[in-house]
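**Student:** Quick one: the structure is below, and I'll ask about it shortly.
The values are calculated or read from the model by the stated rules, or taken from the named source; none is laboratory data. Since we're looking at a predicted model, the values are computed, not measured. Methodologically, a virtual Cβ is constructed for each residue, glycine included, from the backbone with ideal geometry; neighbour enumeration extends over all protein chains shown.
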Amino acid sequence: MIFTVKIIMTKVQWITIILIIAYIIWEFIVQRWAASTHEDNMIRVDLVIIYPVLIIMIIISVYQYFKTKL
């Protein structure tokens, strides 16, 4: 028997996935850039914006996921 599971995702959950993928690509690019600059004390100001946005979006997505499951 083949079981099919239909996964319904909200727009916020899709945006969260896109943001996480974009962050992974961004982090890869920044790591390569940082390796080429040879700076020891690099301060990543971009993370002050990126991390809170990602955390908030992940929390909202998880909340929506469990809200629909209950």
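**Student:** Give the residue, chosen from Leu19, Leu47, that is of a type outside the set (Lys, Arg), closer than 18 Å to Val62 by Cα and either out of contact with any helix residue (DSSP H, G or I) (no Cβ under 8 Å at 6 or more places or on another chain) or surrounded by 10 or more Cβ atoms within 10 Å (Cβ to Cβ) (or both). Break it down stepwise before answering.
**Tutor:** Numbers: Leu47 fails: closer than 18 Å to Val62 by Cα.
None of the other options fit; the residue is Leu19.
**Student:** Let me ask something else about it. Just give me the residues in segment 37-56 being in a helix (DSSP H, G or I) and either closer than 26 Å to Val12 by Cβ or modelled with pLDDT under 85 (or both), in sequence order.
**Tutor:** Looking only at segment 37-56, we keep the residues that are in a helix (DSSP H, G or I), and these are 37, 46-56.
Result: Asp46, Leu47, Val48, Ile49, Ile50, Tyr51, Pro52, Val53, Leu54, Ile55, Ile56.
**Student:** Next question, about the same structure. Could you list all residues from segment 18-70 that are among the aliphatic types (A, V, I, L, M), in contact (Cβ under 8 Å) with a residue 24 or more places away in the chain and within 30 Å of Lys6 (Cβ to Cβ)?
**Tutor:** Step one: list which residues in segment 18-70 are among the aliphatic types (A, V, I, L, M), which gives 18-22, 24-25, 29-30, 34-35, 42-43, 45, 47-50, 53-60, 62, 70.
Within this subset, residues satisfying the condition of being in contact (Cβ under 8 Å) with a residue 24 or more places away in the chain are 19-20, 50, 53-54, 57-58, 60.
Of everything in segment 18-70, those that are among the aliphatic types (A, V, I, L, M), in contact (Cβ under 8 Å) with a residue 24 or more places away in the chain and within 30 Å of Lys6 (Cβ to Cβ) turn out to be Leu19, Ile20, Val53, Leu54, Met57, Ile58, Ile60.
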